[in-house]
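Below is one structure, written out as C-alpha coordinates; comments come after it.
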Amino acid sequence: MAAAQLTASSFSARSLLPSFDGLRISQAKISSVAPLRQCRSFRGLVVKAATVVAPKYTSLKPLGDRVLVKVKVAEEKSTGGILLPTTAQTKPQGGEVVAVGEGRSIGKNQVDISVKIGSEVVYSKYAGTEVEFDGSTHLILKDDDIVGILETDNVKDLKPLNDRVLIKVAVAEEITAGGLLLTEATKEKPSIGTVIAVGPGPLDEEGSRKAPSISPGNTVLYSKYAGNDFKGPDGSEYIALRASDVMAVLS
(Lines give C-alpha, C1' and ligand atoms only; values in the text may rest on other atoms or scores of the structure.)
Protein backbone atom coordinates (compact mmCIF):
# COMPACT_ATOMS: atom_id res chain seq x y z
CA MET A 1 0.00 0.00 0.00
CA ALA A 2 2.85 2.39 0.77
CA ALA A 3 4.12 2.11 -2.80
CA ALA A 4 0.72 2.99 -4.18
CA GLN A 5 0.31 6.19 -2.15
CA LEU A 6 0.94 9.45 -3.99
CA THR A 7 1.43 12.90 -2.54
CA ALA A 8 1.05 16.20 -4.34
CA SER A 9 4.77 16.91 -4.01
CA SER A 10 6.15 13.58 -5.17
CA PHE A 11 4.67 12.63 -8.56
CA SER A 12 5.45 13.80 -12.08
CA ALA A 13 2.77 15.10 -14.43
CA ARG A 14 4.45 13.24 -17.32
CA SER A 15 2.07 10.28 -17.32
CA LEU A 16 -1.02 12.44 -16.86
CA LEU A 17 -0.56 14.94 -19.69
CA PRO A 18 -1.71 14.06 -23.23
CA SER A 19 0.38 14.44 -26.37
CA PHE A 20 -0.41 17.38 -28.69
CA ASP A 21 0.81 16.93 -32.30
CA GLY A 22 3.70 14.75 -31.15
CA LEU A 23 4.72 17.13 -28.34
CA ARG A 24 4.62 16.02 -24.73
CA ILE A 25 5.14 18.26 -21.75
CA SER A 26 7.54 16.05 -19.81
CA GLN A 27 9.31 18.43 -17.45
CA ALA A 28 6.32 19.81 -15.57
CA LYS A 29 6.01 18.68 -11.98
CA ILE A 30 3.42 19.56 -9.40
CA SER A 31 5.37 20.70 -6.38
CA SER A 32 2.54 21.47 -3.99
CA VAL A 33 -1.19 21.85 -3.77
CA ALA A 34 -2.41 24.41 -1.24
CA PRO A 35 -6.04 24.42 -0.15
CA LEU A 36 -7.83 27.66 -1.11
CA ARG A 37 -9.67 28.00 2.15
CA GLN A 38 -9.59 31.81 2.25
CA CYS A 39 -10.71 32.50 -1.32
CA ARG A 40 -14.34 32.78 -2.33
CA SER A 41 -15.53 33.43 -5.85
CA PHE A 42 -18.62 35.53 -6.57
CA ARG A 43 -19.07 35.51 -10.33
CA GLY A 44 -19.85 38.99 -11.67
CA LEU A 45 -20.43 40.43 -8.18
CA VAL A 46 -18.47 43.33 -6.71
CA VAL A 47 -19.45 44.32 -3.20
CA LYS A 48 -18.64 47.90 -2.21
CA ALA A 49 -19.55 48.63 1.39
CA ALA A 50 -20.29 52.14 2.58
CA THR A 51 -18.23 53.71 5.35
CA VAL A 52 -20.35 53.80 8.50
CA VAL A 53 -19.95 56.90 10.67
CA ALA A 54 -20.54 56.12 14.35
CA PRO A 55 -23.55 57.85 16.01
CA LYS A 56 -21.24 59.73 18.40
CA TYR A 57 -20.25 61.97 15.44
CA THR A 58 -23.03 64.50 14.84
CA SER A 59 -21.37 66.68 12.18
CA LEU A 60 -19.62 65.92 8.90
CA LYS A 61 -17.88 68.87 7.24
CA PRO A 62 -16.51 68.29 3.71
CA LEU A 63 -13.20 69.96 2.90
CA GLY A 64 -11.93 71.82 -0.16
CA ASP A 65 -14.12 71.46 -3.23
CA ARG A 66 -16.11 68.56 -1.80
CA VAL A 67 -19.85 68.39 -1.21
CA LEU A 68 -21.95 66.17 1.06
CA VAL A 69 -25.15 64.94 -0.61
CA LYS A 70 -27.98 63.03 1.06
CA VAL A 71 -28.95 60.37 -1.48
CA LYS A 72 -32.58 60.01 -2.59
CA VAL A 73 -34.22 56.71 -1.69
CA ALA A 74 -34.64 54.35 -4.67
CA GLU A 75 -38.14 53.80 -5.99
CA GLU A 76 -39.65 50.60 -4.56
CA LYS A 77 -42.69 50.60 -6.87
CA SER A 78 -43.10 51.06 -10.61
CA THR A 79 -45.36 53.77 -12.06
CA GLY A 80 -48.05 51.09 -12.33
CA GLY A 81 -47.83 50.31 -8.60
CA ILE A 82 -45.92 47.04 -8.99
CA LEU A 83 -43.50 46.33 -6.12
CA LEU A 84 -39.97 46.10 -7.50
CA PRO A 85 -37.40 43.62 -6.18
CA THR A 86 -34.12 45.12 -4.96
CA THR A 87 -32.32 44.05 -8.15
CA ALA A 88 -34.84 45.90 -10.33
CA GLN A 89 -34.88 49.17 -8.38
CA THR A 90 -33.20 52.05 -10.17
CA LYS A 91 -30.19 53.31 -8.24
CA PRO A 92 -30.78 57.00 -7.58
CA GLN A 93 -28.32 59.49 -9.01
CA GLY A 94 -29.61 62.50 -7.18
CA GLY A 95 -29.98 63.98 -3.74
CA GLU A 96 -29.95 67.05 -1.53
CA VAL A 97 -26.81 69.02 -0.71
CA VAL A 98 -26.48 69.11 3.08
CA ALA A 99 -22.95 70.51 3.49
CA VAL A 100 -20.25 72.09 1.29
CA GLY A 101 -16.54 72.71 1.54
CA GLU A 102 -14.77 76.06 1.42
CA GLY A 103 -13.87 75.79 -2.26
CA ARG A 104 -10.43 75.81 -3.82
CA SER A 105 -7.79 78.18 -5.14
CA ILE A 106 -6.93 78.27 -8.85
CA GLY A 107 -4.20 80.71 -9.77
CA LYS A 108 -4.83 83.84 -7.73
CA ASN A 109 -8.58 83.31 -7.52
CA GLN A 110 -10.67 81.55 -4.91
CA VAL A 111 -13.36 79.42 -6.57
CA ASP A 112 -16.45 78.77 -4.48
CA ILE A 113 -18.56 75.61 -4.59
CA SER A 114 -21.10 75.84 -7.43
CA VAL A 115 -24.05 74.61 -5.34
CA LYS A 116 -25.61 75.70 -2.07
CA ILE A 117 -26.97 73.80 0.91
CA GLY A 118 -30.51 72.67 0.12
CA SER A 119 -29.95 72.35 -3.65
CA GLU A 120 -31.38 69.25 -5.34
CA VAL A 121 -28.62 67.90 -7.58
CA VAL A 122 -27.85 65.14 -10.04
CA TYR A 123 -24.36 63.63 -9.98
CA SER A 124 -22.21 61.39 -12.16
CA LYS A 125 -22.55 57.62 -11.98
CA TYR A 126 -20.09 55.87 -9.67
CA ALA A 127 -18.77 59.20 -8.37
CA GLY A 128 -17.91 59.94 -4.76
CA THR A 129 -17.53 57.99 -1.55
CA GLU A 130 -20.61 56.48 0.06
CA VAL A 131 -21.05 56.96 3.80
CA GLU A 132 -23.80 55.97 6.23
CA PHE A 133 -24.28 59.06 8.40
CA ASP A 134 -27.08 60.11 10.74
CA GLY A 135 -29.16 57.10 9.71
CA SER A 136 -29.11 57.87 5.98
CA THR A 137 -26.95 57.17 2.93
CA HIS A 138 -24.77 60.10 1.84
CA LEU A 139 -22.13 60.71 -0.80
CA ILE A 140 -19.03 62.86 -0.48
CA LEU A 141 -18.46 64.23 -4.00
CA LYS A 142 -16.15 66.66 -5.68
CA ASP A 143 -17.92 69.75 -6.95
CA ASP A 144 -16.98 68.76 -10.51
CA ASP A 145 -18.82 65.43 -10.13
CA ILE A 146 -22.16 67.25 -9.85
CA VAL A 147 -23.85 67.28 -13.26
CA GLY A 148 -26.49 69.90 -12.51
CA ILE A 149 -29.29 71.22 -10.35
CA LEU A 150 -32.73 69.65 -10.80
CA GLU A 151 -35.53 71.17 -8.73
CA THR A 152 -38.41 69.38 -10.51
CA ASP A 153 -39.19 65.81 -11.57
CA ASN A 154 -38.66 66.64 -15.24
CA VAL A 155 -35.11 66.22 -16.55
CA LYS A 156 -35.63 68.92 -19.20
CA ASP A 157 -35.47 71.42 -16.32
CA LEU A 158 -31.93 70.36 -15.41
CA LYS A 159 -29.52 73.30 -15.02
CA PRO A 160 -26.09 71.99 -16.05
CA LEU A 161 -23.05 73.05 -14.01
CA ASN A 162 -19.46 73.76 -15.00
CA ASP A 163 -18.74 72.37 -18.48
CA ARG A 164 -21.83 70.12 -18.74
CA VAL A 165 -24.51 70.37 -21.42
CA LEU A 166 -27.98 68.81 -21.53
CA ILE A 167 -29.00 67.24 -24.85
CA LYS A 168 -32.33 65.83 -25.98
CA VAL A 169 -31.48 62.67 -27.90
CA ALA A 170 -32.78 62.37 -31.46
CA VAL A 171 -35.32 59.62 -32.09
CA ALA A 172 -33.77 56.46 -33.51
CA GLU A 173 -34.46 55.74 -37.17
CA GLU A 174 -37.19 53.12 -37.70
CA ILE A 175 -36.47 52.50 -41.37
CA THR A 176 -33.10 51.87 -43.04
CA ALA A 177 -31.93 53.75 -46.14
CA GLY A 178 -33.06 50.71 -48.16
CA GLY A 179 -36.60 50.89 -46.76
CA LEU A 180 -36.38 48.01 -44.27
CA LEU A 181 -38.36 48.38 -41.05
CA LEU A 182 -36.13 48.08 -37.98
CA THR A 183 -37.18 46.30 -34.79
CA GLU A 184 -36.40 47.74 -31.36
CA ALA A 185 -33.49 45.32 -31.02
CA THR A 186 -31.86 46.46 -34.25
CA LYS A 187 -32.31 50.20 -33.83
CA GLU A 188 -28.96 51.81 -33.17
CA LYS A 189 -28.89 54.32 -30.34
CA PRO A 190 -28.37 57.73 -31.98
CA SER A 191 -25.51 59.98 -30.96
CA ILE A 192 -27.20 63.09 -32.34
CA GLY A 193 -29.41 65.46 -30.40
CA THR A 194 -30.51 69.01 -29.67
CA VAL A 195 -28.83 71.07 -26.96
CA ILE A 196 -31.40 72.04 -24.31
CA ALA A 197 -29.20 73.80 -21.74
CA VAL A 198 -25.54 74.71 -21.31
CA GLY A 199 -23.48 75.21 -18.15
CA PRO A 200 -21.36 78.31 -17.46
CA GLY A 201 -18.27 76.63 -18.87
CA PRO A 202 -15.03 75.11 -17.53
CA LEU A 203 -12.46 76.93 -15.41
CA ASP A 204 -9.20 78.05 -16.99
CA GLU A 205 -5.79 78.08 -15.27
CA GLU A 206 -6.62 81.38 -13.56
CA GLY A 207 -9.96 80.20 -12.22
CA SER A 208 -12.07 82.15 -14.72
CA ARG A 209 -14.96 80.63 -16.65
CA LYS A 210 -14.47 79.94 -20.33
CA ALA A 211 -17.73 80.20 -22.26
CA PRO A 212 -18.66 76.98 -24.12
CA SER A 213 -18.67 77.00 -27.92
CA ILE A 214 -22.17 75.51 -28.25
CA SER A 215 -25.56 77.06 -27.50
CA PRO A 216 -29.10 75.88 -26.73
CA GLY A 217 -30.86 74.94 -29.96
CA ASN A 218 -27.73 73.56 -31.66
CA THR A 219 -28.02 70.10 -33.21
CA VAL A 220 -24.84 68.26 -32.26
CA LEU A 221 -22.96 65.01 -32.71
CA TYR A 222 -21.56 63.66 -29.44
CA SER A 223 -19.49 60.72 -28.19
CA LYS A 224 -21.70 57.65 -27.98
CA TYR A 225 -20.65 56.29 -24.59
CA ALA A 226 -20.20 59.56 -22.69
CA GLY A 227 -22.33 61.20 -20.01
CA ASN A 228 -25.39 60.30 -17.96
CA ASP A 229 -28.61 59.09 -19.57
CA PHE A 230 -32.06 60.19 -18.40
CA LYS A 231 -35.64 59.63 -19.51
CA GLY A 232 -38.31 62.31 -19.29
CA PRO A 233 -41.93 61.79 -18.12
CA ASP A 234 -43.06 61.61 -21.77
CA GLY A 235 -40.50 58.93 -22.63
CA SER A 236 -38.07 61.31 -24.35
CA GLU A 237 -34.39 60.50 -23.82
CA TYR A 238 -31.82 63.00 -22.61
CA ILE A 239 -28.10 62.91 -21.94
CA ALA A 240 -25.93 65.21 -19.83
CA LEU A 241 -22.26 65.24 -20.76
CA ARG A 242 -19.19 67.44 -20.84
CA ALA A 243 -18.92 69.99 -23.62
CA SER A 244 -15.63 68.36 -24.66
CA ASP A 245 -17.60 65.20 -25.55
CA VAL A 246 -19.54 67.14 -28.21
CA MET A 247 -17.70 66.48 -31.45
CA ALA A 248 -19.49 68.67 -33.99
CA VAL A 249 -22.40 71.03 -34.64
CA LEU A 250 -24.75 70.01 -37.45
CA SER A 251 -26.63 72.45 -39.68
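The values are calculated or read from the model by the stated rules, or taken from the named source; none is laboratory data. Computed from a prediction, not measured in an experiment: that's the story for all the values here. With ideal geometry, Cβ positions are generated from the backbone for all residues, glycine too; neighbour counts draw on all protein chains shown. SASA here: full protein model, heavy atoms, side chains in, ligands and nucleic acids out. Shrake-Rupley method; radii C 1.70, N 1.55, O 1.52, S 1.80 Å.
Where Lys and Arg each count +1 and Asp and Glu each count -1, what net charge lies around residue 197 among other residues with Cβ under 12 Å from its Cβ?
It works out to a net charge of +3.
Given a Förster radius of 35 Å and the C-beta distance between residue 247 and residue 130 as r, what FRET efficiency does 1/(1 + (r/R0)^6) yield to the nearest 0.05?
Efficiency, from the Cβ-Cβ distance: 0.60.
Using a 1.4 Å probe and ignoring any ligands, DNA or RNA, find the accessible area of residue 58 and quote it in Å² to the nearest 10.
Estimated to the nearest 10 Å², residue 58 gives 120 Å².
Per-residue HN-Hα couplings for the stretch 93-105, Karplus 6.51 cos²θ - 1.76 cosθ + 1.60 at θ = phi - 60°, whole Hz, x for Gly and Pro?
For the stretch 93-105, the Karplus curve yields 10, x, x, 9, 6, 10, 7, 9, x, 8, x, 9, 9 Hz.
What distance in nm lies between label points placed 7 Å from Cα along the C-beta direction at residue 208 and residue 110?
In this crude spin-label approximation the distance works out to 2.0 nm.
How many nm is it between the label spots at residue 229 and residue 152, if each spot is 7 Å from the Cα in line with the beta carbon?
2.4
Give me, ordered by chain and number, the residues 5 or more places off residue 128 or on other chains with an amide H under 5 Å from its own placed amide H.
HN-HN under 5 Å from residue 128: 142.
Return the sequence-ordered ³J(HN,Hα) values of the stretch 141-148 in whole Hz as given by the Karplus equation 6.51 cos²θ - 1.76 cosθ + 1.60 applied to θ = phi - 60°, using x for Gly and Pro.
After applying 6.51 cos²θ - 1.76 cosθ + 1.60, I find 10, 7, 3, 6, 7, 7, 6, x Hz.
As a test of reading the structure, rank 159, 224, 116 by solvent-accessible area (1.4 Å probe, protein chains only), most first.
116, 159, 224
Determine ³J(HN,Hα), in whole Hz, for all residues of the stretch 115-126 in sequence, where each value follows from phi through the Karplus function 6.51 cos²θ - 1.76 cosθ + 1.60 and θ = phi - 60°; x replaces Gly and Pro.
10, 10, 4, x, 5, 8, 10, 10, 10, 5, 4, 6
Between residue 59 and residue 221, what FRET efficiency comes out of the Förster formula 1/(1 + (r/R0)^6) with R0 = 30 Å and r the beta carbon distance, rounded to 0.05? The partial results should precede the final answer.
Numbers: r = 47 Å, r/R0 = 1.57.
After rounding, the FRET efficiency stands at 0.05.
Could you compute the net charge surrounding residue 154? Neighbours are other residues with a C-beta less than 13 Å from the C-beta of residue 154; K and R count +1, D and E count -1.
-1
Given a 1.4 Å probe and the protein chains all in place, what does the accessible area of residue 215 round to, in Å² to the nearest 10?
My reading of the accessible area for residue 215 is about 60 Å².
In the neighborhood of residue 108, defined by Cβ-to-Cβ distances under 13 Å, what is the net charge if each Lys or Arg adds +1 and each Asp or Glu adds -1?
-2
Would you please give the residues with an amide H less than 5 Å from that of residue 137, counting only those at least 5 places away or on a separate chain, with H modeled from the backbone geometry?
71
Sequence-distant or interchain residues sharing an amide H contact under 5 Å with residue 99, placed H: which?
Under 5 Å from the amide H of residue 99 lie the amide H atoms of 68, each far enough along the sequence or on another chain.
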